[in-house]
Each structure stands twice: as C-alpha cells, then as structure tokens.
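Structure record follows, encoded as structure tokens.
The values are calculated or read from the model by the stated rules, or taken from the named source; none is laboratory data. None of these values were measured; they are calculated from a predicted model. Note that each Cβ is placed from the backbone with ideal geometry, even for glycine, and that neighbours are counted across all protein chains shown. Ligands, DNA and RNA are excluded from the accessible area calculation, which covers all protein heavy atoms including side chains. Shrake-Rupley method; radii C 1.70, N 1.55, O 1.52, S 1.80 Å.
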Amino acid sequence: MEETWRDARLNTTRRGLIAGAAAGGAGVLLPSTAAAKRRRKHRKVDVAIVGAGFAGLTAARKLAAAGKEVCVLEARDRVGGRTLNHKVQKGVIAEAGGEYVGPTQDRVLALAKAMGVGTFKTYNDGNNVLLLTGRQSQYPATPGLSDDPGFSEFTIKGLDLDPMAAEVPVDAPWKAKRAHEWDAMTLQQWGDQTFTTEGAKRLLSIATEPLWGAEPHEVSLLYALWYIACAGNEKEKGSILRLLTTPGGAQESRLVGGSQRIPIEVAKRLRGQVVLKAPVRRIVQGHGRVQVISDRMVVEAREVIVAVPPVLAKRIHFSPDLPAKHRKLLNALVPGHLIKWEAIYDKPFWRDQGLSGQAVSEIGPANTTFDNSPPSGSPGIMFGFIGGDQARRFAKRSRSVRRDQVLGNFVTYFGEEARNPSGAFEMNWTQEAWTRGCPVGHAGVNVLSRFGPALRKRFGHVHWAGTETADYWNGYMDGAVRSGERAAKEVLRALRR
C-alpha cells in the first residue's frame, strides 16, 4: 500500500533539521526513474490536492465533509508544510517553523479548536532588550514602546503606512488607486524618504528580515502595504502594529503541543486520503479530467488544488502549459531566507533578570529573539530569527561558527549565562527541499501590478491555495487556512457544473 501519514514518522529527526542541506540537493527534483514509474498506483477521486500543509489539508477537510473523495499528495514524509515540531525532550517540543497566532486570525484559531489544540500566551513579562545605534537599553514588554529616538520615530512614522494600506483591497491589491506608483518603488525607498534618524532606518531592516526573510529593498511598497492590509479580518482593518507586536499582535499566543499538531490532527481524520512521499511532477488536463502524476501514484480527478509555495508550484510541469502571466508570477514570488536558531537551557534564566526574552538589535546574525519555553517554563528555550542578508551570509559559515555567533548575540542581550546551553538546533528553510524558503514568497517592484490578477485565477480544472494566495493574513497559518477554505468552495462550485 502507498505510504499514508500514519506510516511515516511525523516528528522531525535531527538529520532532517540540521542536515537539511543534504535533503535539499538538486537531485530530489530530477524526473522519477523508470522503476518508480512501474511502482505507481492509480486512483480516481473527485479532487486531487497537491501539498499537505495547512492550506491543502484544510481544503481536503472541507471537501471530505461535503462528501467528496479526495487524495492529498505530499512530497515530504510528514504533514504540516512550513510548520515543524522539534522534540526537545519527552513531552517538550519547540517549533522550528511557524508558531504564533493572534487577534483576528479567526480561521486558524477555529481550526485549532476543532482539532482540540489549545493556545497559551507568549511569554511577555518584564523588559525587552533594544540595541540600536551603539546603545543598549531596555523597555517594558507591555506596552512595548521605547523612548529611544530611533524607536520612537519608527513607531510614529511607521503608523503612516496604515492609512495607505487601508486603500489597498486585500483581494486585489493591484486595483488600489496608487497601485502602479507604489509598486514601482521599494519599501526601502519609502523608508529613506520618511525617516530622519539612523535608528529608525535600521529598524526598518530589522523588522523586514523576520517578516519576509528579505531586506527592504527587495520588497515593493505595494506588497508591503498589501501585507499590512491583510493583518486583520473582515471587521478590523490591518495594522503594522498588529504585524510587529506581541500583546495584541501576531505573536500574542502559541499552540499547546506546537503548531504542527493541527495538520497532524487533520491528517488523522482524513486517514488514507493523505499520501506521503509523493512529489507531484506533472498535471495534465484533457477531456474534462485531470491527471496528477506523482512519484508514488497517478491520481485522476475532476478538479485539482495546488497548495504548495510558488517556488515549488513553478517546478510542476503543466500540460497544457500555464498562462504566461501566471508563470511569471510564480517566478517573481521569491521565497524568503529565514533561519530559526534555538538554544535550550535548564531554565529560562532571563526571566529571573526581569527580561521577557525578546530582543531587537542592530547586530546580528540573530537580531530578533523570543522566549520559546513551554507553558510549564522548563526547560528554557530561546530562539533567534536570522533573515535576509544575514541569513544568506550565515548559511555559508560552519556549524561551529554559526553557534558561536548566535550565542554571542544571546550573551550580549541576556548575559554570560546564555553562552552554555545544554542543547541547540537550527532550521534553515531555504535548504529544505520541499519548502525552499520561509516564511512567505514576497514580491519585488512591478510584480503585483503586472501579474497579480493571476494569483488566484483558476486554470481549467486547476485551483490555487497556499498562504501566498490569501486575502487576510497572507504569509501566516491563518492565511493558509483561509486559502484552503476558499479553494474548497471554488471546487465545490465547479463540481456542481
């Protein structure tokens, strides 16, 4: 029988985390061998779904509930996409990928509840650490405001982005009145025109590196405004503060047992309808049906949902070929460079110093940190985000150098006790073969205004999902869930025709 989610080990191995580069070699994307082709099985279903992340599994869940037979094809030996639980010790995990949920993220919170996965608040007591323009200081984690001149200017003038973002339709940012103007300039150019202090300019880079795994000059202003507009829901407008803050923001809460628990629970309920180790190579349309050809099986379906990151979708061979605009869009949505480096301590010693574990720093590589300890508070787990140019440079260094550099950051922020953790691990999502970048595929100049209309446009019997296609919370787990729900509705309408 084909391997389903139940037959595979869903928790990450050390090899999968630390040696991701080997798994991400170019060979995994070569055409399958003749022997593999002979082993393929055939299955006929109503809907085939490519990808078992939040988007694909949400779509499968909705379609199965509507009485449709589905088959979810996942390239990895696990479900969860860009979420990943790493076992620290018995009963304790740390998230190596996406983990936070917050206000207005209604759909992922509803799914978590349905799967019996609870939430708890991100640790946010005491002071945050700020290192800016050569000066280290502290400020209260709540309300999260510093009197540093650069921080103050960044906060005050950064809010100017909110009324601009309010002019951007979340379902069609290319229809904004100033879409072409904003899409022709970078976020960096806006910052250079807006900020007068060096500290505020540096904070713009510090903010964009974990947000998109990119630098401000790599992101168009229109894309940034769309992302801000998406940080809300149908009742509450998006805000830059909601993206960047912990209390009341996107980092407010975590999921009990780790974020990957949600897709694992969804997959359990779908049983044999989820097939692992089945990378999809071709999607062939003709005669009112679609063939989805993977390394394990050929699935014949009436409709197909592609729910993988754009960088992977563009590697699938479509017959007939995708429209030129859609192909160009997939090529232009660049996956971010984001690494999560985590250290494990006997206890979260920074709490005894009155520190929250959150740091914002102009020095890297880990210039943004969080307390990632479990709800019990033991052991203590600290992680640092390394993104954009920092991540590109960091990845080229040896493991020992990477360790020394990040721990050096932690010592600077939290003291000498940070130098000797009992354990550590990292996840470089760029080197993960079936992700190739995190947290989201972002757009540079003149992408959304030219190719954006292709984002969700169905192609024959092929529909699109994934967090990059979401209207609200684009780039987040909530956006992925929303996109899966939307795609399922589209497919149900198509099946009724």
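Summary of values
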quantity: Heavy-atom accessible surface of region 78-137: percent carbon and sulfur, 1.4 Å; calculated: 49
quantity: For region 25-183, alpha-carbon Rg over 2.2 N^0.38 Å; calculated: 1.53
quantity: Nearby lysines by direct alpha-carbon distance to Lys44 (threshold 16 angstrom, same-chain neighbours under 8 apart not counted); calculated: Lys68
quantity: Per residue accessible area of the chain, 1.4 Å probe, in Å²; calculated: 39
quantity: Residue pairs, from the table Lys121/Lys235; Lys62/Lys314; Lys177/Lys396; Lys113/Lys177; Lys62/Lys325; Lys235/Lys489, whose Cα atoms sit over 32 Å apart; calculated: Lys177/Lys396; Lys113/Lys177
quantity: Region 263-337 and region 139-171: distance between their alpha carbon centers, rounded to Å; calculated: 38
quantity: Of every Cα-Cα pair in region 405-497, the percent that sits beyond 18 Å; calculated: 65
quantity: Rounded tilt (10° steps) of 477-496 against the dominant C-alpha axis of the chain; calculated: 20
quantity: Between 0 and 90°, nearest 10: helix 399-414 axis offset from the chain longest Cα axis; calculated: 50
quantity: Protein accessible area in region 363-436, 1.4 Å probe - carbon and sulfur %; calculated: 47
quantity: Using distinct alpha-carbon pairs, which all enter the 1/r mean, Kirkwood radius of the chain in Å; calculated: 22.9
quantity: Between 0 and 90°, nearest 10: helix 198-212 axis offset from the chain longest Cα axis; calculated: 30
quantity: Total formal charge among the other residues, if their Cβ is under 13 angstrom from that of Gly144, Lys/Arg +1 and Asp/Glu -1; calculated: -3
quantity: Farthest toward positive dipole pole in the chain [+1 Lys/Arg, -1 Asp/Glu at C-beta], among Phe425, Gln353, Gly53; calculated: Gly53
quantity: For region 405-457, convex hull volume per residue from C-alpha positions, Å³; calculated: 154
